[in-house]
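Q: Handing you a structure now.
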């Protein structure tokens, strides 16, 4: 199944709504393996992301959870909440979770996979993404900036660019 494409034409009605989900152990950013992830906290990244969303005409909701089922619930709740697209940093679940993949495929919204580090330069088990078949794109390796770059790309897709 191919990922969904744009749902809303540019300049029509309410601002775009984007849900950002950050997965397991990302609450530890700032002190967790700074060689890979940098020293910026997740709270700081989320604050910058919300501000960038406002500048782009998008409302960004941010969440962090360590629990796979919570990620599935957040994804499944997108359509009833009027969410237009997703940013997902599923952390280690990226490489293992068929449940999250199934949730993404079920809602069919444009999703961008986000990584702070570059999984392709790390351990072999991190090089396979279970999320990729449900995503319109992937941004990796730019630490906290990955989230902002992913948002810019997603907004472009949602506006039909």
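Q: Restricting attention to the stretch 133-151, report how many residues are farther than 14 Å from residue 37 by Cβ and surrounded by 15 or more Cβ atoms within 10 Å (Cβ to Cβ).
A: Residues that pass the stated criteria total 10.
Q: Looking only at the stretch 115-152, how many residues end up being over 17 Å from residue 58 (Cβ atoms) and assigned to a loop (DSSP other than H, G, I, E, B)?
A: 15
Q: If a residue has to be farther than 16 Å from residue 154 by Cβ and either in contact (Cβ under 8 Å) with a residue 60 or more places away in the chain or in contact with a helix residue (DSSP H, G or I) (Cβ under 8 Å, 6 or more places away or on another chain) (or both) to count, how many in the stretch 83-101 make the cut?
A: Going residue by residue through the stretch 83-101, those that are farther than 16 Å from residue 154 by Cβ are 91-101.
Remaining after also requiring either in contact (Cβ under 8 Å) with a residue 60 or more places away in the chain or in contact with a helix residue (DSSP H, G or I) (Cβ under 8 Å, 6 or more places away or on another chain) (or both): 91-95, 97, 99-101.
Of the residues in the stretch 83-101, 9 are farther than 16 Å from residue 154 by Cβ and either in contact (Cβ under 8 Å) with a residue 60 or more places away in the chain or in contact with a helix residue (DSSP H, G or I) (Cβ under 8 Å, 6 or more places away or on another chain) (or both).
Q: Among the residues of the stretch 66-90, which ones are surrounded by fewer than 16 Cβ atoms within 10 Å (Cβ to Cβ) and in a helix (DSSP H, G or I)?
A: Scanning the stretch 66-90 gives 69, 70, 73, 76.
Q: Now a separate question. Which count do you get for residues in the stretch 29-50 that are out of contact with any helix residue (DSSP H, G or I) (no Cβ under 6 Å at 6 or more places or on another chain), modelled with pLDDT of 95 or more and not in a loop (DSSP other than H, G, I, E, B)?
A: 6
Q: Among the residues of the stretch 94-114, what is the count of those that are surrounded by fewer than 19 Cβ atoms within 10 Å (Cβ to Cβ) and either outside any helix (DSSP H, G or I) or touching a strand residue (DSSP E or B) at 6+ places or on another chain (Cβ under 7 Å) (or both)?
A: 2
Q: List every residue pair whose Cβ atoms sit under 8 Å apart, with the two residues 6 or more apart in sequence or on different chains, where the first one lies in the stretch 26-39 and is in contact (Cβ under 8 Å) with a residue 60 or more places away in the chain and the second, anywhere, is assigned to a helix (DSSP H, G or I).
A: These pairs meet every condition: 26/42; 26/91; 29/37; 29/42; 29/45.
Q: Sticking with this one: Of the residues that sit in the stretch 115-132 and are at pLDDT 90 or above and under 15 Å from residue 143 (Cβ atoms), which one is farthest from the chain's Cα centre (by Cα)? Spell out how you get there, then give the answer.
A: Going residue by residue through the stretch 115-132, those that are at pLDDT 90 or above are 115-116, 129-132.
From what's left, under 15 Å from residue 143 (Cβ atoms): 115-116.
On the way: 115: 9, 116: 11 Å.
Across the stretch 115-132, the extreme among qualifying residues is 116.
Q: Any idea which of 63, 36 is surrounded by fewer than 15 Cβ atoms within 10 Å (Cβ to Cβ) and in contact with a strand residue (DSSP E or B) (Cβ under 7 Å, 6 or more places away or on another chain)?
A: On the way: 36 fails: in contact with a strand residue (DSSP E or B) (Cβ under 7 Å, 6 or more places away or on another chain).
Every option except 63 fails the conditions.
The values are calculated or read from the model by the stated rules, or taken from the named source; none is laboratory data. Bear in mind the structure is a predicted one, so any value in this text is a computation, not a measurement. No Cβ is skipped: glycine too gets one built from the backbone with ideal geometry, and neighbour counts run over all protein chains shown.
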